[in-house]
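Q: Before we start, here is the structure in question, set down as structure tokens.
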Amino acid sequence: MVVEDARIVDSPLRPVPVLEVRVRPRKGMPRCPRCGRRRHGYDQGGGVRRWRHQDFGCRRVELVASMPRVDRPECGVVVASVPCAEPGSRFTKDFEAECAWPMGVASQETVSGFLHIAWRTAGDVARRVAERVKASMPSPFDGLTAIGVDETSHRKGHTYITVVVDHERHRVVRARGELNHWVSWASHSRIPEIVELSKKIRRRR
């Protein structure tokens, strides 16, 4: 995507001002969001689409683009896909990844306060991320035996993302090192929610 413009939008219809970033697809043949194949454009009638992106400082961010439509006999006339978001999602892939991580370790209040979205919406996002990860793993998931949102495990307002893994030892060691590095960084963050999250990870590790 190419950034064309950025501005702060503040109106009575919004609870808080938003950093609106107008983008457009790079030049080239657009792709069908259903099959992923490149197709000639059908028209420019896809309309304006918006995606919630990761916050920039204290500002909420929305990407805005006027998307063309493509036509494929097997898929029909559909709005062209964008590289920053999954088809049909109102959030960018980066935001969804950021949302899925605290869903596994933090409380409802922390997740909702940090991301500024409803708990149910965060759960839907986490499920999509889990399914995306599962689909990307080679069969038989290269040691990954289960992944998904476990909504039956509730304690003090928590919903846990259950991931059962059986990787080789060196992968476990590497993952542990990456987690330790992140926790160390997060514990020195000046963002209270991130510091609290790092403490919870230390307690539950």
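Q: Which of the GluC sites (Glu not before Pro) found in segment 31-118 are in a DSSP loop and have at most 10 neighbouring Cβ atoms, other than their own, within 10 Å?
A: Values: sites: Glu62, Glu74, Glu96, Glu98, Glu109; in loops: Glu74.
Passing both the DSSP loop test and the Cβ count: Glu74.
Q: Read phi for every residue in segment 12-20 and hand back ³J(HN,Hα) as whole Hz from Karplus 6.51 cos²θ - 1.76 cosθ + 1.60, θ = phi - 60°, with x for Gly and Pro.
A: Residue by residue, segment 12-20 yields x, 7, 10, x, 9, x, 10, 7, 9 Hz.
Q: Which ³J(HN,Hα) values in Hz, rounded to whole numbers, follow from the phi angles of segment 192-197 under the Karplus curve 6.51 cos²θ - 1.76 cosθ + 1.60, where θ = phi - 60° and Gly and Pro get x?
A: Coupling constants for segment 192-197: x, 5, 5, 4, 5, 4 Hz.
Q: In which sequence would Cys84, Cys32, Cys99, Cys75 go, from the one with the fewest C-beta neighbours within 10 Å to the one with the most? Provide the component values of the computation, followed by the final result.
A: Numbers: Cys84 18, Cys32 21, Cys99 24, Cys75 14.
With the sparsest Cβ surroundings first, the list reads Cys75, Cys84, Cys32, Cys99.
Q: Need one word for segment 2-79: rounded, prolate or oblate. Basis is the Cα gyration tensor (sqrt eigenvalues a ≥ b ≥ c); a/c below 1.5 gives rounded, then a/b vs b/c decides.
A: Working: a/c = 2.77, a/b = 2.44, b/c = 1.14.
Prolate shape, in that a/c is at least 1.5 and a/b is the bigger ratio.
Q: So how do 183-189, 89-95 stack up, highest first, on mean other-Cβ count within 10 Å? It would help to have the intermediate numbers written out before the result.
A: Values: 183-189: 12.9, 89-95: 19.0.
Ranked from most to least packed, the peptides come out as 89-95, 183-189.
All of the numbers you see were taken from the coordinates with simple rules; none came from a lab. Nothing here was measured: the structure is a model prediction, and the numbers come from that model. Cβ coordinates were reconstructed from backbone atoms using ideal geometry, including for glycine residues, and neighbour counts include every protein chain displayed.
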